[in-house]
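Encoded as structure tokens, the structure appears first; notes follow it.
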Amino acid sequence: MYTTHSEVDTGSGVPVKEPQRQLYYIELIKDIINKKENETGRKQLMYVNTFGCQMNAHDSEKLEGMLLEMGYGRAEKETEADFIIYNTCCVRENAENKVYGNLGMLKPYKKKKPDTIIALCGCMMQQSSVTDTIRSKYSFVDIVFGTYNLYRLPELLYSRLTSGEQVCEIMTGRGEIVENLPSVRHFRYKASVNIMYGCDNFCSYCIVPYVRGRERSRRPEDIIAEIKSLVADGVCEVTLLGQNVNSYGKGLEEKISFAELLRLVNDIDGIKRIRFMTSHPKDLSDELIYAMRDCKKVCRHIHLPFQAGNNDILRRMNRHYTKEDYLGLVEKLRENIPDIGITTDIMVGFPGEYNVDDTLDIIRKARFSGAFTFIYSKRNGTPAAVMEDQVDPAAVKKNFDSVLGEVNRICAELNLEKVGKVFEVLAEGVCGQDERLLSGRLEDNTLIHFEGDHSLIGSIVNVRVTESRIFYLMGKQEDL
Ligand code: SF4
């Protein structure tokens, strides 16, 4: 799906305001791309390579939307593209190494096809050590920009195309929220909607507040307008996105909480399902739990990262809650929404975490229906990176395996309990592994593949679970 934009007047000079300014540059680039196509006799192609989280994936939808609007087509692989962009992640060292590895492979490609434009953007670029390395060792990269100025891709690309010089623009500070630029969606019936950007929490291991800046919330009227236009375009499920959605509204002129926003979204006609992520336990209010309970379109699911179970580790992580607080929240959620699915993030191997007894205790008591489990990755510039008691990797691996084993055992048990029962499922599309099947998700976010007609895609159907696996279910459409 792809949203286009209204006519732009390129005869009255460069607009000062956004998004008109970027729409203006998109028009200018259209002419350049047209010329190139006439010269080469083929379509100009782009390739967007996304690393990292759902926020980055959503940012890439905006990058792709702008590039399609400029006139680029999509390349199937990097080595067919005339414009290649990496939207990078720096949350773990692995993700950074992958970017450098891929860049190394692009060097000979650029040598062979010097007209190819290579751009890097996203979280990694907000670190000066990275931009210094790019400038010194990867001088064939054409455009470098960060997370605050993603919307400025058209202007930066225009500058590169017309000057032939490398363009590097890294912004810091508060960062402007620019609405109404072109965007694409990868799913027809579900979409992500940013409700806020940045994070103020400074968990001691996390680089995000340094690279995505302080929290900035979008105005509720802009969020509602975007969701209404998505509904008009056929979307029936939205996921409200932010690093910490529970603190939505801080800094806005209008006083509004995330719970109130959820109720407003619930009132939009045509929306069938509402999801949100991510929630920080310290900000999960009773008001939000009651809104989840009362709003029928809000899915019975919450992603509530707990990271570690030991109170001393949680304090050193700067998480502002204890194991008991977290388990209290789980209890309150289940009291109010008995069928809720709770998923989480768990980090193993934070400095000083020699055993995971408390983490295992939370896993057993909270009974998560899914968890992202990670090994702690040292991020330079964060307080945890200079903590002395870094744990021996062999001990971390052993602890990680026991955490993963316990998470998987409980997921499998919960999935087995679903066999024979009927659940509402949004049929999202054809199953990637078997095109006779459809794939979708239960309200609690469990993935299911089921037998059903392709005409059901986009609707909510009743599915009886026939088999369970650790990470997904199998089922059959149920005629009720
Ligand atoms: S809440 Fe903590 S872990 Fe999440 S983005 Fe903010 S600082 Fe990072």
Members of region 330-379 found to be among the polar types (S, T, N, Q), outside any loop (DSSP other than H, G, I, E, B) and touching a helix residue (DSSP H, G or I) at 6+ places or on another chain (Cβ under 7 Å), listed by number
ASN336, THR359, THR373
Return the residues of region 65-103 that are among the hydroxyl-bearing types (Ser, Thr, Tyr) and either over 30 Å from GLY349 (Cα atoms) or in contact with a Ser or Thr (Cβ under 7 Å, 6 or more places away or on another chain) (or both); say none if nothing qualifies.
TYR72, THR79
Residues of region 425-480 satisfying the condition of being among the aromatic types (Phe, Trp, Tyr) and more than 20 Å from ILE340 (Cβ to Cβ):
PHE450
Suppose we filter ASP401, ASP392, ASP444, ASP479 for residues that are more than 27 Å from MET292 (Cβ to Cβ) and either at pLDDT 95 or above or touching a strand residue (DSSP E or B) at 6+ places or on another chain (Cβ under 7 Å) (or both); which single one remains?
ASP401
Looking only at strands (runs of 3 or more DSSP E) that lie completely in region 137-221, which have at least 2 residues being among the small types (Gly, Ala, Ser) and away from the ligand (no atom under 16 Å from the Cβ)?
190-194
Can you tell me which condition HIS186 does not meet? The list is (1) under 18 Å from GLU69 (Cα atoms); (2) buried (at least 16 other Cβ atoms within 10 Å of the Cβ), and all the others hold.
(2)
So, in region 227-249, of the ones that are charged (D, E, K, R) and at pLDDT 95 or above, which residue ends up nearest to the ligand (Cβ to nearest atom)?
GLU237
Selection from region 187-238 of residues within 15 Å of LEU262 (Cα to Cα) and free of Cβ contacts under 8 Å to residues at least 24 places away in the same chain yields GLU221, ALA225
Positions within region 139-151 being more than 20 Å from the chain's Cα centre (by Cα) and either of a type in the set (Lys, Arg) or buried (at least 19 other Cβ atoms within 10 Å of the Cβ) (or both), in sequence order
VAL141, ASP142, ILE143, VAL144
With respect to GLY381, is the statement that it is farther than 22 Å from ILE410 by Cβ, under 24 Å from the mean Cα position of the chain (by Cα) and of a type outside the set (Lys, Arg) true?
yes
Name every residue in region 59-85 that is under 19 Å from VAL99 (Cα atoms), in contact (Cβ under 8 Å) with a residue 40 or more places away in the chain and surrounded by fewer than 19 Cβ atoms within 10 Å (Cβ to Cβ), in order of residue number.
none
THR131 fails exactly one of (1) polar (S, T, N, Q); (2) touching a helix residue (DSSP H, G or I) at 6+ places or on another chain (Cβ under 7 Å); (3) away from the ligand (no atom under 16 Å from the Cβ); (4) not assigned by TED's automatic domain parsing to the domain that holds GLN20, namely (4)
Just one of the numbered conditions (1) at pLDDT below 95; (2) in contact with a Pro (Cβ under 9 Å, 6 or more places away or on another chain) is not true of MET66; which one?
(1)
Only listed residue being among the aliphatic types (A, V, I, L, M), modelled with pLDDT under 95 and away from the ligand (no atom under 15 Å from the Cβ), chosen from LEU252, LEU333:
LEU252
Filter region 267-282 for residues that are surrounded by fewer than 16 Cβ atoms within 10 Å (Cβ to Cβ) and of a type outside the set (D, E, K, R); which is farthest from the ligand (Cβ to nearest atom)?
GLY270
Which numbered condition trips up VAL91, out of (1) in a loop (DSSP other than H, G, I, E, B); (2) over 21 Å from VAL208 (Cα atoms); (3) at pLDDT below 95?
(2)
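The values are calculated or read from the model by the stated rules, or taken from the named source; none is laboratory data. Worth saying up front: this structure is predicted, and the values here are computed from it rather than measured. All Cβ positions, glycine included, derive from the backbone under ideal geometry; neighbour counts span all protein chains shown.
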